[in-house]
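Trainee: One structure, pasted below without further comment.
Only the coordinates and a few stated rules stand behind these numbers; no lab work does. It should be emphasised that the depicted structure is a prediction, and the values quoted were computed from it without experimental measurement. Cβ: placed from backbone, ideal geometry, glycine included. Neighbour counts: every protein chain shown.
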Amino acid sequence: MEYCAYYQAHVRKEEAGFLVAVLRSFEHLAFDRTIDKASSLFEFFVPVGSEAIFVELMEDFLKEGVILDLVKQENRLRNPESIL
């Protein structure tokens, strides 16, 4: 089984709705979920074939200040002990 690429980003709270709307306008680009509402930390599961488009879009969000950071990590679903 192939796992999706996995990213986390802190999103400016006032931009969270915009970010989610843009991501969902792209069919099957990424699955997003809020991990920590207080710090506005989101996680993104990205199909490997869509990763280049996702990263390009997120780089634009970084430049515009929609997201504060973007970190690629090992997909947390690979290790059942790491599931929140």
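Trainee: Residues in segment 52-80 near a label at residue 33, defined as backbone nitrogen under 12 Å from the 7 Å Cα→Cβ point?
Mentor: Answer for this model: 76-78.
Trainee: With a cap of 12 neighbouring Cβ atoms within 10 Å, and only residues DSSP puts in a loop, list the GluC sites (Glu not before Pro) found in segment 1-48.
Mentor: Values: sites: 2, 14, 15, 27, 43; in loops: 2, 27.
Loop-located and lightly packed - 2, 27.
Trainee: Taking 0.36 nm per intervening residue step and subtracting the Cα-Cα distance, what contour gain separates residue 45 from residue 72 on full extension?
Mentor: In short, 8.7 nm is gained.
Trainee: So how far apart, in nm, are the two label points at residue 20 and residue 64 if each is 7 Å from Cα heading toward Cβ?
Mentor: Label at residue 20, label at residue 64, 1.7 nm between them.
Trainee: To continue, here is another question. For segment 41-81, rounded, prolate or oblate, judged on the Cα gyration tensor with a ≥ b ≥ c (square roots of eigenvalues), a/c < 1.5 rounded, else prolate if a/b > b/c?
Mentor: Verdict is oblate for segment 41-81.
Trainee: Once volume of the Cα convex hull per residue in Å³ is worked out from the coordinates, which option in (i) 186; (ii) 167; (iii) 87 does it equal?
Mentor: Working out volume of the Cα convex hull per residue in Å³ from the coordinates points to (iii).
Trainee: Further, regarding this structure: Which of the listed residues, 16, 29, 58, is farthest toward the dipole's positive end in the chain, when Lys, Arg count +1 and Asp, Glu count -1 at the beta-carbon?
Mentor: Working it through, the farthest residue towards the positive pole turns out to be 16.
Trainee: With +1 on each Lys and Arg Cβ and -1 on each Asp and Glu Cβ, and nothing else charged, work out how big the dipole of the chain is about its Cα centre, in Debye to the nearest 20. Intermediate results must be reported in sequence, preceding the final value.
Mentor: Details: 9 positive and 15 negative charges, 50 e Å.
Using Cβ point charges on Lys, Arg, Asp and Glu, the chain gives about 240 debye.
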